[in-house]
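The values are calculated or read from the model by the stated rules, or taken from the named source; none is laboratory data. Note that this is a predicted model, so its numbers are computed, not measured. Here Cβ is always computed from backbone atoms with ideal geometry, including for glycine, and neighbour counts include all displayed protein chains.
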Amino acid sequence: MQTEIINIGDELLIGQVVNTNAAWMAEQMSLAGFPVHRISVIPDDPQQIMEALNLAGRQSDIILITGGLGPTKDDLTKDVLCRFFNTKLVFHEDTFRFIEQFFSSRGLKVTEINRKQAEVPKNCTVLPNPNGTAPGMWFEKAGEGRNRKSVFVSMPGVPFEMKALVTHEVLPRLKACFLPLNVLHHTILTQGIGESFLSDKLEDWETRLPENLHLAYLPQPGIVRLRITGQGDDEFLLRKQMEEETAKLKTLIPDYIFGEGDETLEAVVGSLLKEKGFTVTTAESCTGGYIAHLITSIPGSSAWYKGSVIAYSNEIKTKQLGVNETLLMAHGAVSEEVVKEMAVNIRGKFDSSYSIAISGIAGPDGGTEEKPVGTVWIAIAGPTGVRAHKYLFGDNRERNIRRSALQALNLLRKTILSDLSS
């Protein structure tokens with residue numbers, strides 16, 4: 001079974017609007033057992049819309065279309081759909097009544113251009129859109145050269161309107177119309193190792209995966225997600241198979257795994273701190289408060305996070321954190337000695353169970369031969385002492401800040417677990 005997504009809109013092609021619709025739709029379709037094999041973005045041009053529909057009809061069983069439905073002159077999709085399905089527009093009373101109520105509730109009158117939104121292709125099934133005035137439209141067409149049919153669904157491009165239609169109208173109808181595949185995904189979250197190094201460690205295991213399972217590497221700054229995807233006729237057996245292979249994978253890289261699924265590192269760390277009744281403080285230089293931002297993005301973080309000092313300058317390092325000027329003169333701000341003292345002093349200053357301290361050269365300037373851009377020192381102080389680690393992250397400032405913060409959070413996580421097990 002082939003599923004295709006067509007997104008219509010000049011604004012998508014010129015980069016004025018980010019095409020979040022495609023990503024969300026593809027995820028939802030895959031989870032429902034209708035994997036997407038093609039996504040295309042086309043302009044508000046009748047000829048190109050027609051060509052896309054013709055191509056999709058020859059190649060796909062399910063075609064989801066967004067955009068080009070609305071009250072303005074560049075909303076051309078309905079007219080093209082009429083040509084494609086050899087039909088005409090008719091007035092849909094139920095849609096018009098909803099449009100009247102929609103405008104009346106806002107103290108507005110229905111204009112002639114709004115009234116035209118109640119016109120739909122005669123041979124479509126109208127899908128009610130409770131969040132807007134343009135309804136969704138469901139079409140069925142015999143597949144070309146095949147003993148099957150293709151389903152075309154046209155929806156507004158407004159994300160919250162489209163999402164409601166997919167969830168409440170489209171997916172239930174597709175499941176009744178087609179037999180979806182059993183498709184399962186499971187994601188393992190890793191930190192502290194790059195994609196190529198992970199691939200080396202997992203090569204033998206990955207080679208031996210059953211044919212119906214495959215592994216995808218999804219890297220981002222500081223984190224690599226490992227997504228296992230499986231397909232099978234029997235969902236129970238497929239789930240068991242996925243669990244067995246996931247367990248094998250975990251034994252190969254236990255030191256790099258911090259979570260699963262949609263978890264974030266900051267949430268994992270927060271849960272650990274809360275569970276054990278610990279608190280943490282941060283002293284940040286090169287990350288400028290980004291670690292604090294990640295921590296406080298988690299609801300309830302006030303239970304385990306006490307606060308931070310953003311010690312960007314040496315003056316603040318000495319006056320607020322009590323770092324010895326002699327250390328700064330002898331070793332520089334980006335050093336093991338200074339970052340350890342930052343960690344120890346802020347832990348004492350805020351009376352927290354643990355502390356994170358970080359100092360580095362985020363770039364793009366400031367590096368030397370001895371300490372190039374991307375050099376970062378991170379220290380974790382806790383009940384069993386203070387330990388510092390040096391990293392070389394590269395020459396991109398934004399990535400360096402993100403990677404440094406995630407590395408610091410993971411070091412805290414691993415330190416707490418090590419302390420608990422000792």
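Elements of the type strands (runs of 3 or more DSSP E) sitting completely within the range 49-140 and holding at least 2 residues that are touching a residue at least 60 places away in the same chain (Cβ under 8 Å), among the β-branched types (Val, Ile, Thr) and crowded, with 19+ Cβ neighbours inside 10 Å: these cover 62-66. Applying the criterion of being in contact (Cβ under 8 Å) with a residue 24 or more places away in the chain and closer than 22 Å to VAL373 by Cβ to the residues of the range 314-339, the residue that is surrounded by the fewest Cβ atoms within 10 Å (Cβ to Cβ) is GLU336. Annotation note: of GLU206, GLU195, GLU235, GLU211, the sole residue that is outside the structural domain of ALA32 (by TED's automatic domain parsing), out of contact with any strand residue (DSSP E or B) (no Cβ under 9 Å at 6 or more places or on another chain) and not polar (S, T, N, Q) is GLU211.
On inspection, MET342 does not qualify as over 24 Å from PHE258 (Cα atoms), surrounded by fewer than 18 Cβ atoms within 10 Å (Cβ to Cβ) and among the hydrophobic types (A, V, I, L, M, F, W, C).
Among residues of the range 347-364 that are under 16 Å from ARG413 (Cα atoms), those with a Cβ under 9 angstrom from a residue that is surrounded by 18 or more Cβ atoms within 10 Å (Cβ to Cβ) and basic (Lys, Arg), sequence gap 6+ or separate chain, pair up as SER353/ARG347; TYR354/ARG347; SER355/ARG347; ALA357/LYS340; ALA357/ARG347. Here SER40 clears all of (1) small (Gly, Ala, Ser); (2) over 23 Å from the mean Cα position of the chain (by Cα); (3) modelled with pLDDT of 95 or more except the condition numbered (2). In this structure, is GLY348 touching a Phe, Trp or Tyr at 6+ places or on another chain (Cβ under 9 Å) and either at pLDDT 95 or above or among the polar types (S, T, N, Q) (or both)? No, not satisfied. The sole residue among LEU272, LEU249 that is outside the structural domain of SER355 (by TED's automatic domain parsing), hydrophobic (A, V, I, L, M, F, W, C) and within 26 Å of the chain's Cα centre (by Cα) is LEU249.
Quick check on the range 267-274. Is at least one of its residues of a type in the set (Val, Ile, Thr), closer than 26 Å to LEU412 by Cα and surrounded by fewer than 18 Cβ atoms within 10 Å (Cβ to Cβ)? Among the residues of the range 267-274, not one is of a type in the set (Val, Ile, Thr), closer than 26 Å to LEU412 by Cα and surrounded by fewer than 18 Cβ atoms within 10 Å (Cβ to Cβ), which makes the answer no. Taking first residues from the range 17-31 that are basic (Lys, Arg) and buried (at least 18 other Cβ atoms within 10 Å of the Cβ) and partners that are modelled with pLDDT of 95 or more and not in a helix (DSSP H, G or I), no Cβ contact under 9 Å between residues at least 6 apart in sequence or on separate chains turns up.
In the range 156-209, the residue that is surrounded by the fewest Cβ atoms within 10 Å (Cβ to Cβ) out of those that are in contact with a helix residue (DSSP H, G or I) (Cβ under 7 Å, 6 or more places away or on another chain) and among the β-branched types (Val, Ile, Thr) is ILE193. When THR287, THR264, THR251 are checked against the criterion of being surrounded by 19 or more Cβ atoms within 10 Å (Cβ to Cβ) and within 30 Å of ALA381 (Cα to Cα), THR287 stands alone in meeting it. Considering the range 388-405, and only residues there that are buried (at least 16 other Cβ atoms within 10 Å of the Cβ) and without any contact (Cβ under 8 Å) to a residue 40 or more places away in the chain, the residue that is farthest from the chain's Cα centre (by Cα) turns out to be TYR391. Does MET50 satisfy the criteria of being at pLDDT 90 or above and touching a helix residue (DSSP H, G or I) at 6+ places or on another chain (Cβ under 7 Å)? Answer is yes for this residue. The requirement of being in a strand (DSSP E or B), assigned by TED's automatic domain parsing to the domain that holds LEU171 and either touching a helix residue (DSSP H, G or I) at 6+ places or on another chain (Cβ under 7 Å) or touching a residue at least 60 places away in the same chain (Cβ under 8 Å) (or both) is satisfied by SER40. Evaluating GLN241 against the criteria (1) touching a residue at least 40 places away in the same chain (Cβ under 8 Å); (2) buried (at least 18 other Cβ atoms within 10 Å of the Cβ); (3) over 19 Å from the mean Cα position of the chain (by Cα) leaves one unmet condition, (1).
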